[in-house]
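Here's the structure, in structure tokens; my notes come after.
Just so it is clear, none of the values below were taken in a lab; they were calculated from the coordinates. Note that the structure is predicted; figures quoted are calculated from it, not measured. Cβ sites come from the backbone with ideal geometry, for glycine too, and all protein chains shown count toward neighbours.
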Amino acid sequence: MMHDFGCEVTICLDGKESEFTEDGESGLHERSISVRPEKVSRFVGEPRTYSGLEGLEFESGDSLPASQVLAALGTKVNTELAEGLGVELDGGFIAVDQRCATNVPLVYAAT
């Protein structure tokens, strides 16, 4: 979503294995969204102030400039609502097209 607002987006997996499907990874690549598998070691700058964050540093020593971080700590797939609406699933995940639209009109899902 942030990519649609003109932001450069990088997904940091923080040392965890990717759970993206092949179509999901392809969609990210098409939208120029990169994925970094390395573990994040620290925030650079002063992340607790409005404009103080300068980036992330990885355990490898590489760094990534960043002005904002959106964190999702842990995930659990819950498709109960989607299934109740008749949304198609793909391997246990909600099936979407390139615009994140499902098979049900006006129902979208984030990838």
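Listed values, structure above:
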{"quantity": "Approximate spin-label separation ALA101-LYS76, in nm, with each point projected 7 Å along Cα-to-Cβ", "calculated": "3.3 nm"}
{"quantity": "Region 53-111 - Rg over Rh from alpha carbon coordinates, Kirkwood radius", "calculated": "1.17"}
{"quantity": "Options (i) 136; (ii) 128; (iii) 99 - which one matches volume of the Cα convex hull per residue in Å³ as calculated here", "calculated": "(ii)"}
{"quantity": "Magnitude of the charge dipole, the chain, Cβ model with Lys/Arg +1 and Asp/Glu -1, debye to 20", "calculated": "380 debye"}
{"quantity": "The chain: calculated mean residue ellipticity at 222 nm from DSSP helix runs of at least 4, using -39500 (n - 2.57)", "calculated": "-3500 deg cm²/dmol"}
{"quantity": "Relative contact order computed over the chain (Cα-Cα under 8 Å; 6+ residues apart), in percent", "calculated": "15 percent"}
{"quantity": "Order by protection proxy (mean Cβ within 10 Å, highest first), peptides 19-26, 37-44, 64-71", "calculated": "37-44, 19-26, 64-71"}
